[in-house]
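Every number in this text was worked out from the coordinates using simple rules, so none of it is lab data. Only a predicted model underlies this, so the values are computations on that prediction, with no experimental measurement involved. Every residue, glycine among them, receives a Cβ derived from its backbone with ideal geometry; neighbour counts consider all protein chains shown.
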């Protein structure tokens, strides 16, 4: 005959596995609806789809704490910077490019080239 102590122990173990199994691991990066929004932007290339993509990237940046790495996926700050640049917000664009560079040092060479071009273009407009 099975003792009540043994049944309680098995129940506790089963409940523990259920709780742990439902939580699952955190994703490495938080993307939100980035893939769908990026696809919609590339398909349509309208100002509305660009604004939607900007909103999705900014939301993913806000939710970065929900990821294991504690940072956004590579290229997201660069993409956001590009959106800012297309919207005429050069200062915000450079800030995003610098943020990409600081989080992912391997992008520094490319980001520095883009930043230099933006700064040169801004110098021409002044």
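Taking a ≥ b ≥ c as the square roots of the eigenvalues of the Cα gyration tensor, segment 44-125 is classed as oblate, since a/c reaches at least 1.5 and a/b does not exceed b/c. Note on the chain: helix-only mean residue ellipticity at 222 nm, from DSSP H runs of 4+ residues weighted -39500 (n - 2.57) and normalised by residue number, equals -23500 deg cm²/dmol. Between residue 46 and residue 68, the FRET efficiency estimated from the beta carbon spacing at R0 = 30 angstrom works out to 0.30. For segment 37-81, there are no residues whose amide N sits under 12 Å from a probe point set 7 Å from the Cα of residue 109 along the beta carbon direction. Relative contact order, whole percent, for the chain stands at 18, derived from Cα pairs under 8 Å and 6 or more residues apart.
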